[in-house]
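Engineer: Handing you a structure now.
None of the figures in this text is laboratory data; all of them are computed from the coordinates on show. Every value quoted in this text rests on a predicted model; they were computed, and no experiment measured them. No Cβ is skipped: glycine too gets one built from the backbone with ideal geometry, and neighbour counts run over all protein chains shown.
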Amino acid sequence: MIIKQPGSLAIITALLLISIMVPAQAGQPVVWETSGRTELLKGDSRGVSISDTGVLMLAPKLTEVYNTQQTYVWSSAVDSQGNVYLGTGHDGKTYKITAAGAGSLLHDAAELDVTALAIGRDGSLFAGTSPDGKVYRITADGKADVYFDPGDKYIWSLAVMSDGSLAVGTGDTGKLYRVRAAGATAESSLLVSTNQTHVISLAVTPQGDLIAGTDSGGLVLRVSPEGKTFALFDTQLREIHALAPAADGSIYALALSDAAAGARVPSTPVVQPQPTEGATPTTSVTITALDETGAPIQGQLGQTRSRSDVSNARSAVFRILPDGATDVVWSSPTVTAFAIAPALQPGSVLIGTADKGRIYSVTNDGRDTLLLQSPEGQISSLLVRNNQIYAASSNQGKLFRFGNELVSEGTFESPVRDAKLTASWGRIWWRGGGAIEVQTRTGNGERPDATWSDWSTVYRDSEGNQISSPRARFIQWRATVRASASPNSPSWVEDVSVAYLPRNVAPEVLSITALPIGVGLQQIAQVVVDPNVESSGLDPSVFGPVAQVPPRRFYQRGARSFQWQAEDRNADTLEYAIYYRALNDQTFRLLKDKLRDNFYTIDGATLADGRYVIKVVATDAPDNPPGQKLTAERLSEPVDIDNTPPVVKVTGQPQVKGDSVRVVFAADDATGKVKKADASLDGAAWTPVFPDDGIADSGHEVYSVEFGSLAPGEHTISLRTFDSSGNIGTLSVTVRR
């Protein structure tokens, strides 16, 4: 297919339209571009395929052939006449659907699940059941006899070998049996005891080789008619869930991890929560794997790691080449695959998944396309006959058919975009060709429902259309793809872009923190953003995160430093202004404005002693037009400014007794409190002293200082006091002995 791209002039025109689409209310408009395949896979596709490069195109026509009204389809088979057989659970029923699409119940087994089906050479149907497994031979008229009863708990797999005998894979002792018809009875023998827990899958290659897939060792074995086994492949995953021989002699093997393997075991149904009042009452059952919280695991086919890295894979598809080499065709850490089959195009494999009931087509070199999305939850088996693919689903258990014929019309609904705030919508544009129509709808709930707007009028101009949906927080677009009049120019669409402008909201100053007195803050050189980036209008974060280095702390006498936290929901650049006022005043005075830093240090010496309140005002003016800037402010708790040291006085006369002397000092601080004191004799080292009442906790403290063993002559006794702001008051007294 040749895809035509719009000219560069059209692209430039579309980009220019962004700047004139609506009156600016916040910094810059946001452009939501749904261009990546991973992003597209989050949406819902009905009749639309998604290529490996993210192009939306018409999908193969998917036709519902039959609805079994059962929850699970565990197994399927097709005979030479085109009749399809489905084994279901948990009622143990087997259905026959003719080539014309007429379906009927063929057999109702006593066991819960029909887990394996195979067509015998005489056209009879073999059905394996679980638990307490048996193999039934069912004739065209629905008559069934127990053909083989091995006593094993599960019959997981059946295959008709090249000589017409039936291979039976069982669990939970991992045995492989061979059963031959002998008149009205059957002769059985143990072909292989694999030392595995289960023989999950069986297949016969065009060359007549019997291939077996096991659990829990994840082995692919080639088994000779005599029971000689050879390990073709040993995966690090737990289970080989399905095998699909290809015409070129290679073998596709679908492997599941521990988490995904639990989804295939027939067990008690998982019933979904009941609908809310007013909704249509339904009960749905799923076999989707659950995470550790019990929630269904969702995901996309795409992954950022190499597909060859299966260390974290939930499921993977391997290709075993005729020469014994092995390639990883596909792997996913999130998606559980249940079925594989060779595609109609050589060199590709079809993968049926529990990812919204999707079927992917993956080439041998790993290029994967979302081929189609079914209306059911899981694709549990795939069959190929002539140019038709039969897909069986679970939840509900249905049979679908598709081939090379494409639908005439399909739709794709994008994932929902959260603008975070109520937004004004600009224009929508895309790349595409053929008959493409795009619509939008908006709402204020996270999921589209009755509270959302209806789908808008149709947009047809790929170069830009003004969005007509109402202002809201969430938006979604829908593309309708119709068949082109020319088969050589199919319709396609990609790179859908939506421009919007979130409502500007005021910033918020979350907190203001006052640092201890004497701690100053100093900016450290930051990583400089390339001025060419800023002038280009690009977001600097596109070029990588810019580290913000916190300010350096240092001692500054009397300093009062403040740090604050602020946020802006529009991610606008913020500027700050810092004000102060005395606690009993009414008017704030500006200290500094146009600050980009979120801290400020006040030199205490510039303010009179007293209690003050600090106000920080944040504005988003740098990213908004002058008339549309918004501000927010916050007040600090009162803080003290104290530049006056304590006053120290001597109370009374020094008292000399023998070789000792005692001096009483009084320390007073007018603004704060006396914090501590030291004493020194004749210039010796300072020694801590406590006030007479034992605790320094007020603005007035009395200290009695006594020194003994003094030599005759003059001596100097000094007292040094500190207040809570770090101011120091001293006094020295000379005494004679």
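Engineer: Per the Kirkwood formula on distinct C-alpha pairs, the Rh of the chain is how many angstrom? Intermediate values should be presented prior to the final figure.
Structural biologist: Working: mean 1/r = 0.0307 Å⁻¹.
Kirkwood hydrodynamic radius for the chain: 32.6 Å.
Engineer: Can you give me the distance in nm between label points at Gln628 and Ala506, each placed 7 Å from the Cα along the Cα-to-Cβ direction?
Structural biologist: Reported label-point gap for Gln628 and Ala506 is 1.8 nm.
Engineer: Averaged across orientations, what area in nm² does the convex hull of the alpha carbons in the range 183-259 project? Intermediate values should be presented prior to the final figure.
Structural biologist: Details: hull surface 24.9 nm².
If you wrap the Cα atoms of the range 183-259 in a convex hull and average its projections, you get 6.2 nm².
Engineer: Per DSSP H run of at least 4 residues, take -39500 (n - 2.57); add these up for the chain, divide by its residues and hand me the 222 nm value, nearest 500 deg cm²/dmol. Walk me through the intermediate numbers first.
Structural biologist: Values: 4 runs with 25 residues, N = 737.
Calculated mean residue ellipticity at 222 nm is -1000 deg cm²/dmol.
Engineer: Contour minus end-to-end for Thr451 and Lys676, with contour as 0.36 nm per residue of separation and end-to-end as the Cα-Cα distance? Mind dumping the intermediate values first?
Structural biologist: On the way: separation 225, 0.36 × 225 = 81.00 nm, distance 6.79 nm.
So the chain would gain 74.2 nm between Thr451 and Lys676.
Engineer: Fewest to most neighbouring Cβ within 10 Å: what's the order for Val407, Val73, Val616?
Structural biologist: On the way: Val407 19, Val73 28, Val616 24.
Placing the least packed residue first, the sequence is Val407, Val616, Val73.
Engineer: Turning to a different aspect of this structure: How far apart, in nanometres, would the label points at Gln345 and Glu226 be if each is projected 7 angstrom from Cα along the Cα-to-Cβ direction?
Structural biologist: Each label point lies 7 Å from its Cα, and together they span 4.4 nm.
Engineer: Something else now. With r defined as the distance between the Cβ atoms of Thr734 and Asp585 and R0 fixed at 56 Å, what FRET efficiency is calculated, to the nearest 0.05? If you can, show how the numbers build up before the last one.
Structural biologist: On the way: r = 46 Å, r/R0 = 0.82.
That gives a FRET efficiency of 0.75.
Engineer: Next question, about the same structure. For every other residue with a beta carbon closer than 10 angstrom to the beta carbon of Leu731, add +1 if it is Lys or Arg and -1 if Asp or Glu, then tell me the sum. Please report the intermediate quantities before stating the final value.
Structural biologist: Working: positive: Lys649, Arg720; negative: none.
Value of the local net charge: +2.
Engineer: Once you charge only the Cβ atoms, +1 for Lys and Arg and -1 for Asp and Glu, what is the size of the charge dipole of the chain about its Cα centre, to the nearest 20 debye?
Structural biologist: With Lys and Arg at +1 and Asp and Glu at -1, about 680 debye.
Engineer: Moving on. Let's test the formula: R0 of 56 Å, r as the Cβ-Cβ distance of Ala485 and Thr606. What FRET efficiency results, to the nearest 0.05?
Structural biologist: Values: r = 81 Å, r/R0 = 1.44.
Computed FRET efficiency for Ala485 and Thr606: 0.10.
Engineer: To continue, here is another question. With +1 on the Cβ of every Lys and Arg and -1 on the Cβ of every Asp and Glu, and nothing else charged, how large is the dipole of the range 556-702 about its Cα centre, in debye rounded to the nearest 20?
Structural biologist: Using only the charged Cβ atoms, the result is roughly 200 debye.
Engineer: As I understand it, the dipole of the range 411-503 uses +1 on the Cβ of Lys and Arg and -1 on the Cβ of Asp and Glu, about the Cα centre. Which of Pro502, Gly445, Ser462 lies farthest toward its positive end?
Structural biologist: Value: Pro502.
Engineer: Right, next: How much net charge surrounds Arg720 when only the other residues with a Cβ under 11 Å from the Cβ of Arg720 are counted, with Lys and Arg +1 and Asp and Glu -1?
Structural biologist: Details: positive: Lys676; negative: Asp678.
Local net charge: 0.
Engineer: I've got another one for you. Would you tally the net charge around Arg441, using a Cβ to Cβ cut-off of less than 10 Å, leaving Arg441 out, and scoring K and R as +1, D and E as -1?
Structural biologist: Values: positive: Arg478; negative: Glu413, Asp454.
Local net charge: -1.
Engineer: Which angle from 0 to 90°, rounded to the nearest 10, does the C-alpha axis of helix 8-18 make with the longest principal axis of the chain?
Structural biologist: 50
Engineer: Here is a follow-up. Starting from the Cα-Cα distance between Leu105 and Glu714, subtract it from 0.36 nm times their residue separation and give me the gain in nm to one decimal.
Structural biologist: Numbers: separation 609, 0.36 × 609 = 219.24 nm, distance 12.17 nm.
Taking Leu105 through Glu714 to full extension adds about 207.1 nm, to one decimal.
Engineer: In nm, give the distance between the simple-model label positions of Gln28 and Asp461, each being 7 Å from the Cα along the Cα-to-Cβ direction.
Structural biologist: Calculated label separation equals 2.5 nm.
Engineer: What FRET efficiency would be calculated for the residue pair Ala259, Ser468, taking the C-beta separation as r and a Förster radius of 45 Å, to the nearest 0.05?
Structural biologist: On the way: r = 45 Å, r/R0 = 1.00.
Efficiency computed from Cβ-Cβ geometry: 0.50.
Engineer: If every alpha-carbon in the range 647-736 counts as one equal scatterer, what log10 I(q)/I(0) does Debye give at q = 0.14, 0.17 1/Å?
Structural biologist: Reported log10 I(q)/I(0), two decimals: -0.46, -0.65.
Engineer: Sort Val199, Val223, Val48, Val735 so that the residue with the fewest other Cβ atoms within 10 Å of its own Cβ comes first and the one with the most comes last. Can you show the working numbers first?
Structural biologist: Numbers: Val199 33, Val223 22, Val48 26, Val735 18.
Ranking Val199, Val223, Val48, Val735 by Cβ neighbours within 10 Å, fewest first, gives Val735, Val223, Val48, Val199.
Engineer: Rounded to whole Å, give me the distance from the Cα center of the range 158-187 to that of the range 325-385.
Structural biologist: 29
Engineer: Moving on. Report the Rg/Rh value for the range 411-503, based on alpha-carbon coordinates and the Kirkwood definition of Rh.
Structural biologist: Numbers: Rg = 13.7 Å, Rh = 13.6 Å.
With Rh from the inverse mean 1/r over Cα pairs, Rg/Rh is 1.01.
Engineer: Along the Cα-to-Cβ line of Gln522, 7 Å from the Cα, sits a label point; which residues in the range 550-569 have backbone N less than 14 Å from it?
Structural biologist: Of the residues in the range 550-569, 551-557 have backbone N under 14 Å from the label point off Gln522.
Engineer: Please compute the length gained on full extension between Lys42 and Thr651, using 0.36 nm multiplied by the number of residues separating them and subtracting their Cα-Cα distance. Before the final figure, lay out each step's value.
Structural biologist: Details: separation 609, 0.36 × 609 = 219.24 nm, distance 8.40 nm.
Fully extending the segment from Lys42 to Thr651 adds 210.8 nm.
Engineer: Determine which residues of the range 134-170 fall in the zone a paramagnetic label at Arg180 would reach in this model, i.e. backbone nitrogen under 17 Å from the point 7 Å along Cα→Cβ.
Structural biologist: So the set is 148, 160-168.
Engineer: Exposed loop sites here are GluC sites (Glu not before Pro) in DSSP loop states with at most 14 other C-beta atoms within 10 Å. What is the longest stretch of the chain lacking them? If you can, show how the numbers build up before the last one.
Structural biologist: On the way: sites that count: Glu226, Glu277, Glu292, Glu405, Glu446.
So the longest stretch without any such site is 447-737.
Engineer: Counting other beta carbons within 10 Å of each Cβ, put Ser497, Ser486 in order, fewest first.
Structural biologist: Taking fewest neighbouring Cβ atoms as first place, the list is Ser486, Ser497.
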